[in-house]
Amino acid sequence: MILFLLLLPSLNLINESFAQKWTAKDIMAKNEKARQTLSLKAEGKITIDGGTRKRQEKTFTWWRQIQKDQVHFNTLTLFHTPATVKNQAILFLEESGEKNEILMWLPTFKKTRIIESSQQNSSFMASDFTFSDITALQNEDYTFTEKGIESCPNLAKIKCYKIDSALKNPESAKRLGYHKLILWIRQDNSMTDRVHYLDESGKVFKQLDTTGPVAINPGKFFFTKLEMKNLTNAQFTILEFSGIDWKTPIPDSRFYKQKLGKDD
Amino acid sequence: MISLALLLTLLAPSAQAFEWGGKLWGNSLVKTSHPLEQQTQHNGGARIFGKYKPNDSWQFSLEALGFGIQTPLLIVPKKDLEAGSAFVEFNQLSLMYKTESFRLKAGRQITSWGKSDGINPTDFLSGKRNLLLVTEDSLTRRGHTSASLEWTPQSGASPWSFEFWYVHEHAYSDVLLNSKLTQNVISLNEQELYQEKEFALKFNYLGAGFDFDYIFYRGVTKTPLLTEQSRSLLPLNISLKPIYARQEGHGLNIARDFENYILRSEIAYQRRLDTFANADAITNPDRVDVVIGFEKSVGENHRFNIQAVGHHYPDYQRSPSTDQITRSVQNINLLLQAQHQETRIGSLLVYQYEPLELNQFKFKFSWMNYFHYESAQLITPQFDYLWTENFHLSIYALIFDGSRNTPLGVLKDLSSVGFGASLVF
């Protein structure tokens, strides 16, 4: 989920005074509100490397749109390369109560497959991101605590709020694959700079770093590069976006389950 | 010419609208049942596909399969495969037009109906390229020449969709006879294809974590019945002709997410509209097939699939001919049509280990086992080495075992170990 928390915080915050004392809940509320208007298409590339792994690359097109409830999102990922996953598609439909749906179109088998809910903490296309990393939980699912202000880990000249994010429902940890998050939220634009994923013992096992936010209309940002490091085995995944189009409306039908695989 | 010009206008060229890909593969199999005979089988070929999509409404699809095969020990219609033969078949050669609600597609098409893995009794329209002793479904599945119209209400937003299918040239499954068992006294003549047209209606509901299909179908059996065409006594030779019996069927497919596992189930009832006294070994070949399966992932790399399988003839009665040769033909059909028992109960267990990294071995183990009355089984272990994203090496085995009075057991002589390589591009 955290990937999406990062993607589009509002620039409205830029003009607001950070001199005043914001609570952690306030900061994250603004973050959540900012990303509720997202609708965009982008070309993506996943690079998997590090540890003992051999480098792998996958390219895809990514469509994302907020649902009518203005809370949840639909996401469609259509892979282009390598040839073994060409035209494979993954549709994420976020639902209330953590009942997200994941459907996968397998062109080789000409079949749409439902992915079991418990697999949302499994790897997304062999990367260090999980399925749940790229869906969005709502702020109401977390208890936020501010842990002070410090230099942003990836941009030292900017100050960041350090936010401790604990899951309200311990049962969610099994599905999400982590027990707690620590987020560094930039003071200048409220974008997330770094995220630590913590296990049950409080040990950090994954780290997400962001770079290259670009402004999109109106007054929003979108990260062009995200790097997820697995701190237990030195593996990492870089997720890059280009050709970001937030102006062309995406028809709702792009995310209809019945349309999945109908071009094959 | 006007139609062609209109079509070309509609399909105005655009480089970005075209995509293509394919696969090259080769396999060499060594029989394990008679090691002293040093029998081998080889198959290899190419699968090429292309899509041309000038706009959101129109699409032209092509998928061709060219393959060579050398398969001793078998007799099949049309070809003598002892020395080797080459085939070119189209899986797809179709034109599609779609709107938000409707999708019309005509030409050569592939269908893949059913929710289960491995055994799909509701996959009424598909045939199987049984000649190819490979483990990949996309190479063995055979298409049909057909037109289909699909409607999804509410401009495509409805969870319901409805499909109508008209099949002009039906798919068929290859008939393989073990020439050792038939002792060179049986020959197969050309089959008479496409005498009957097929129709199907499919209703689909795709809900949240749950979907089901109901299918009504009227068509022909995909595995033909063999009927005696001629016989000579000195020397003894029986000439058989494959024919396709008419039948209709009802199918129900269900898949549901239970959070920790997925239920995938299929039920099919097929009623034969034609029976042939000199070919059918039972008086009433109407049958019910049931598959109930559970699929579960464990961790990142392990996947288990357990299916219970049942086949039943509600009105089972043998009708052996008094003529010995006719009775022999009936017995061949008994195995080809899997009519040798009133009820068969079995299971299919599939385990897959798929590492996320390259330069690792993937492993898949599949065990189809019928244990009721006369046991029979097919075991297929397979190792794949992922050299690169696109190049795989594989070693696999096809192990048929059980009573020779069963469809799996009769293929004992085909048990083999295979070595293969494939390049996807």
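Quick note: the coordinates plus some simple rules give every number you see, no bench work behind them. Nothing here was measured: the structure is a model prediction, and the numbers come from that model. Backbone-built Cβ (ideal geometry, glycine too); neighbour counts: all protein chains shown.
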Notebook entry, point to check: Between the stretch B:235-280 and the stretch B:94-115, what is the C-alpha centre distance in whole Å?
Noted result: 23 Å
Check: So which trypsin sites (Lys or Arg not before Pro) in the stretch A:91-187 pass both tests, a DSSP loop state and at most 12 other Cβ atoms within 10 Å of the Cβ?
Finding: A:168
Next item on the list: Pick out, from A:102, A:126, B:165, the residue whose Cα sits farthest towards the positive end of the charge dipole of the protein assembly as shown, with +1 on the Cβ of Lys and Arg and -1 on the Cβ of Asp and Glu.
Entry: A:126
Check: In debye, nearest 20: dipole of the stretch A:11-242 around its Cα centre with unit charges on the Cβ of K, R (+) and D, E (-)?
Finding: 500 debye
Next item on the list: Between B:67, B:87, B:371, find the one with the highest GNM mean-square fluctuation for chain B; connect C-alpha pairs within less than 10 Å.
Entry: B:87
Check: So, in the stretch B:92-244, how many Lys pairs have Cα atoms under 30 Å apart, if the pair is 8 or more places apart or on different chains?
Finding: 25
Next item on the list: Can you spot the aspartates and glutamates whose alpha carbon is less than 17 Å from residue A:220's alpha carbon? Ignore those fewer than 8 places along the same chain.
Entry: A:16, A:32, A:188, A:193, A:245
Notebook entry, point to check: For the charge dipole of the protein assembly as shown, defined by +1 on Lys and Arg C-beta atoms and -1 on Asp and Glu C-beta atoms about the Cα centroid, which residue among B:242, B:312, B:209 has the Cα displaced farthest towards the positive pole?
Noted result: B:209
Next item on the list: Using just the helices of chain A, give the 222 nm mean residue ellipticity in deg cm²/dmol: DSSP H runs with n ≥ 4 each add -39,500 (n - 2.57), and the total is spread over all residues, rounded to 500.
Entry: -2000 deg cm²/dmol
Item checked: Whole-number D in µm²/s for chain A (Stokes-Einstein; Kirkwood sum over Cα pairs; 4 °C, 1.567 mPa s) -> 69 µm²/s
Check: For residue A:195, what is the net charge nearby, where nearby means another residue's Cβ is under 12 Å from its Cβ and Lys, Arg count +1, Asp, Glu -1?
Finding: 0
Check: Roughly how compact is the stretch B:163-224, stated as its Cα Rg over 2.2 N^0.38 Å to two decimals?
Finding: 1.71
Notebook entry, point to check: Anyone know which of B:297, B:232, B:61 comes out most mobile in the 10 Å Cα GNM of chain B?
Noted result: B:232
Checklist line | Cβ-defined net charge surrounding residue B:404, 11 Å radius [Lys, Arg +1; Asp, Glu -1] | finding: -2
Check: Which translational diffusion coefficient, to the nearest whole µm²/s, is obtained for chain B from the Stokes-Einstein equation, given a Kirkwood hydrodynamic radius over C-alpha pairs, 25 °C and 0.890 mPa s?
Finding: 105 µm²/s
Next item on the list: Could you tell me which of the pairs A:41/A:259; A:30/A:157; A:45/A:157; A:168/A:247 are separated by over 25 angstrom between their Cα atoms in the structure shown?
Entry: A:45/A:157; A:168/A:247
Item checked: Gaussian network model of chain B, springs between alpha carbon atoms under 10 Å - residue of B:386, B:29, B:233 with greatest fluctuation -> B:233
Next item on the list: Hey, could you get me the Stokes-Einstein D for the protein assembly as shown, Kirkwood radius over alpha-carbon pairs, 4 °C and 1.567 mPa s, rounded to whole µm² s⁻¹?
Entry: 46 µm²/s
Checklist line | Least to most buried among B:240, B:358 (fewest other Cβ within 10 Å first) | finding: B:358, B:240
Margin query: Which one, B:369, B:383, B:175, is farthest towards the positive end of the dipole of the stretch B:39-424 when Lys and Arg carry +1 and Asp and Glu -1 on their Cβ?
Written below: B:175
Note to self: For a distance above 25 Å, tell me the whole-number percent of Cα pairs in the stretch B:157-268 that qualify.
What the structure shows: 47 percent
Item checked: Candidates per GluC sites (Glu not before Pro) in the stretch A:160-264, loop by DSSP, up to 12 other Cβ within 10 Å -> A:171, A:200
Next item on the list: Run a plain Debye calculation on the stretch B:290-359 (Cα atoms as equal point scatterers, no solvent) and give log10 I(q)/I(0) at q = 0.17, 0.24, 0.26, 0.27 Å⁻¹, rounded to two decimals, same order as the q list.
Entry: -0.75, -1.03, -1.10, -1.14
Notebook entry, point to check: What is the magnitude of the charge dipole of the stretch B:39-424 about its Cα centre, with +1 placed on the Cβ of each Lys and Arg, -1 on the Cβ of each Asp and Glu, and no other charges, expressed in debye to the nearest 20?
Noted result: 480 debye
Notebook entry, point to check: What is the magnitude of the charge dipole of the protein assembly as shown about its Cα centre, with +1 placed on the Cβ of each Lys and Arg, -1 on the Cβ of each Asp and Glu, and no other charges, expressed in debye to the nearest 20?
Noted result: 780 debye
Notebook entry, point to check: Over chain B, what is the relative contact order in whole percent, taking alpha-carbon pairs under 8 Å and six or more residues apart?
Noted result: 11 percent
